[in-house]
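Trainee: One structure is given below, represented as structure tokens, and several questions about it will come after.
Values quoted throughout were computed directly from the atomic coordinates according to the rules given, and no laboratory measurement underlies them. Not measured: the values here are computed from a predicted model. Because the Cβ atoms are built from the backbone with ideal geometry, glycine has one as well, and the counts that use them run over all protein chains shown.
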Amino acid sequence: MNVQIKPNDLAAFWMPFTANKQFKANPRLFVGAKDMHYITNDGRRVLDGTSGLWCVNAGHCRPKIAEAIKAQVDTLDFAGTFQMGHTRAFEAATRLVDLAPEGFNQVFFTNSGSESVETALKMAIAYHRAKGNASKVRLIGRERGYHGVNFGGMSVGGIGPNRKMFGALVAGVDHMRNTHDIARNAFSRGEPEHGAELADDLERLVALHDASTIAAVIVEPVACSAGVLIPPKGYLKRLEAIARKHDILLIADEVITGFGRLGTSFGSDYFGISPDIITTAKGVTNGTVPMGAVFVKSHVHDAFMNGPDWMIDFFHGYTYSGHPVACAAAIGTLDTYAEEGLLTRAAELAPYWEERVHALKGLPHIIDIRNIGLIGAVEFNPDPAQPGKRAYERFVKAFEAGLLVRQTGDIIALSPPLVISKSEIDQLFDIFTKVLKADY
Ligand code: PMP
């Protein structure tokens, strides 16, 4: 198969998070996918080492999910969920709640991770207001956190390049320090030993602003988009305890760690924490149809139900909240995860995965390797003249050699679909090792 693209079509699509000029000079294009592989427009098979963008957890073009979507489009293509409902949304919500950690009994639907984050931040502020604590409005994020691209998520997020073009951002936001510390934790397997005390940064911000002004703290259990920053042992539990002590809601942004990436349904299960709100997207529909789901504990939900009359529940939502096709996709996805035991599969594969990831040690320019669940990352010593260049070049070479990886700065992340076999793990690392051996 050789599918050509017209130069004008390349011009018409302004691509997100892409150096458009550079990409369009030498585009990398897919035309198909099946299970662990993409097919390029020139007919090559590329092993998907990143589950698309961390979302295709069950592998590509899975029949049960595709059938659920097709059947839904023919039956009920759209119905809103403002003042009206449709059965699929309630069914999908129930299925999700059944999977959620203890105490999460409601789901609010969105269309993406960014929307899930905005929803959670607004919910946190309105929750305190419903309880009569209208001064609790400040939001705390963390340096190098990624919480999507909308104003709230960008503001609590801590990635400089994502913020610096966009002005003053949302007021009343502070950031804890990030937990990445190569000097103390290089080449850690799983959770690094050092750094739990960094959770005390929340106490520092409480001392600065007073707990009576702080609504919520949001963190990713594993900060994946900034390059797989794995929390030090005990860090998340310590953060949870501080948040609880000060009546600050803990929001776990599980857009990536939700749905099996760590070998548990949610990252919160993996780390033994019990947040107040969990944001998800991506894996909820195996990446097939855009959808996000915000899980809330009963006390959060009930504060709205029992709030002052003027609040009229939660004045927030999207035209496509609980879209029937997305709900059908979610149900098909959850069926597939359950039938194939995919939500715990990363735990089975993790020891083998860990050995193969860490066997990359010693290849040129590598200054750190880390792993958790079915995630791995390799960090390169930055070329001072051109930061990010080493990882970018290796990402391009890997693609040419038949492997899709994800590059961010001087880091390459790996996160294959959870259906990967041991021999496919071997293939992945055989290709990647060859790419990393060449010193360019
Ligand atoms: N939060 C986290 C933790 C994410 O990893 C992402 C996406 N990588 C988002 C939010 C934003 O999701 P989306 O791109 O679907 O808006």
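Trainee: Check each of the GluC sites (Glu not before Pro) in region 26-102 and keep only those in coil by DSSP with at most 10 other C-beta atoms within 10 angstrom; list them in order.
Mentor: Hits after loop and neighbour filter: 102.
Trainee: Shifting gears a bit: For 410, 247, 276, what ranking results if the residue with the fewest other Cβ atoms within 10 Å of its Cβ goes first? Can you show the working numbers first?
Mentor: Details: 410 21, 247 14, 276 24.
Ranking 410, 247, 276 by Cβ neighbours within 10 Å, fewest first, gives 247, 410, 276.
Trainee: What dipole magnitude, in Debye to the nearest 20, does region 65-339 give about its Cα centre under +1 on Lys/Arg Cβ and -1 on Asp/Glu Cβ? Write out the running numbers ahead of the final one.
Mentor: On the way: 24 positive and 30 negative charges, 136 e Å.
So the dipole magnitude of region 65-339 works out to roughly 660 debye.
Trainee: Students often get this wrong, so check it: of 245/297; 34/397; 131/282; 136/164, which have C-alpha atoms separated by over 29 Å?
Mentor: From the list (245/297; 34/397; 131/282; 136/164), the Cα-Cα distance tops 29 Å for 131/282.
Trainee: Still on this structure: In whole Å, how far is the Cα centre of region 222-263 from that of region 179-201?
Mentor: Between the Cα centre of region 222-263 and that of region 179-201, the gap is 14 Å.
Trainee: Write out the trypsin sites (Lys or Arg not before Pro) in region 287-364 meeting two conditions: DSSP loop, and at most 16 other Cβ atoms within 10 Å of their Cβ.
Mentor: 361
Trainee: So, one more: Multiplying the sequence separation of residue 75 and residue 401 by 0.36 nm and subtracting their Cα-Cα distance, what value in nm do you get?
Mentor: That pair, residue 75 and residue 401, stretches by 113.1 nm at full extension.
Trainee: Out of all Cα-Cα pairs in region 65-339, roughly what percent, to the nearest whole number, are more than 29 Å apart?
Mentor: It works out to 31 percent of all Cα pairs.
Trainee: Also, quick follow-up: Rank the residues 310, 353 as a footprinting-exposure proxy: fewest other Cβ atoms within 10 Å of their Cβ go first.
Mentor: Final ranking by Cβ density, sparse to dense: 310, 353.
Trainee: Related question: Looking at region 250-393, I'd like the Rg to Rh ratio, where Rg is from alpha-carbon atoms and Rh is Kirkwood's inverse mean 1/r.
Mentor: Value, to two decimals: 1.09.
Trainee: Helix-derived [θ] at 222 nm for the chain: sum -39500 (n - 2.57) over DSSP H runs of at least 4, divide by residue count, nearest 500?
Mentor: About -11000 deg cm²/dmol.
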